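The values are calculated or read from the model by the stated rules, or taken from the named source; none is laboratory data. Not measured: the values here are computed from a predicted model. Cβ atoms come from the backbone with ideal geometry, glycine included; neighbour counts cover every protein chain shown. The accessibility values were calculated without ligands, DNA or RNA, using every heavy atom of the protein model including side chains. Shrake-Rupley method; radii C 1.70, N 1.55, O 1.52, S 1.80 Å.
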Amino acid sequence: AIAVGIRRPVATEFSFLVGIPTMFAATALELHQLLKTGVVFTGSEVQLILLGCVTSAISAFLVVRWLLRYVLTHDFVAFGYYRIALGIALFILLTRPTGP
């Protein structure tokens with residue numbers, strides 16, 4: 001989005017908004033597969049699942065709000081260096097020989 005001229009905050013917000021339906025669909029698919037195998041949730045398990053959903057929604061909202069404010073005042077250079085370093089580290093870890 002940035003490459004075609006969309007401002008950073010708008011591009012960041014859009015990327016998160018695009019992810020919401022994907023996460024809902026993945027959750028629905030996982031639940032469908034579990035229920036199809038015969039898994040039955042008790043009342044307390046349903047309460048814990050709902051608590052987890054509410055907790056993750058609140059924390060995601062706070063983190064996204066912080067990230068959007070961060071994007072307004074900073075660029076993605078530090079994020080780029082982080083991704084490059086992480087990619088190199090993962091490449092080294094995953095390509096090293098294993099065993100004797």
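Can you compute the FRET efficiency between ALA57 and ILE88 using 1/(1 + (r/R0)^6), with r the Cβ-Cβ distance and R0 = 41 Å? Round to the nearest 0.05. Write out the running numbers ahead of the final one.
On the way: r = 34 Å, r/R0 = 0.83.
E between ALA57 and ILE88, to the nearest 0.05, is 0.75.
Probe radius 1.4 Å, ligands and nucleic acids ignored: give me the carbon and sulfur share of the accessible area of the chain as a rounded percent. Carbon-and-sulfur percentage of accessible area, whole number: 74. Length gained on full extension, PHE16 to SER44, computed as 0.36 nm times the residue gap minus the Cα-Cα distance: 7.0 nm. Rounded if a/c is under 1.5, else prolate if a/b beats b/c, else oblate: with a ≥ b ≥ c from the C-alpha gyration tensor eigenvalues square-rooted, which is the chain? Note, shape of the chain comes out oblate. Each of LEU62, HIS74, LEU90 was scored by the projection of its Cα onto the charge dipole of the chain, and the greatest displacement toward the positive side belongs to HIS74; charges sit on the C-beta of Lys, Arg, Asp and Glu. Each of PRO21, ILE49, ALA1 was scored by the projection of its Cα onto the charge dipole of the chain, and the greatest displacement toward the positive side belongs to ALA1; charges sit on the C-beta of Lys, Arg, Asp and Glu. Computed from phi, the 3J(HN,Hα) profile of the stretch 50-59 under the Karplus parametrisation 6.51, -1.76, 1.60 (θ = phi - 60°) reads 5, 4, x, 5, 5, 4, 5, 5, 5, 5 Hz, with x in place of Gly and Pro. The shape of the stretch 47-100 comes out oblate: with a ≥ b ≥ c from the C-alpha gyration tensor, a/c is at least 1.5 while a/b does not beat b/c.
Only DSSP H runs of four or more residues enter the estimate; each adds -39500 (n - 2.57), and after division by the residues of the chain the mean residue ellipticity at 222 nm equals -28000 deg cm²/dmol.
Counting only Cβ charges, +1 for Lys and Arg and -1 for Asp and Glu, the dipole size of the chain around its Cα centre is about 260 debye. Summary of packing: across the peptides 37-49, 67-79, the per-residue average of other C-beta atoms within 10 Å ranks them, highest first, as 67-79, 37-49.
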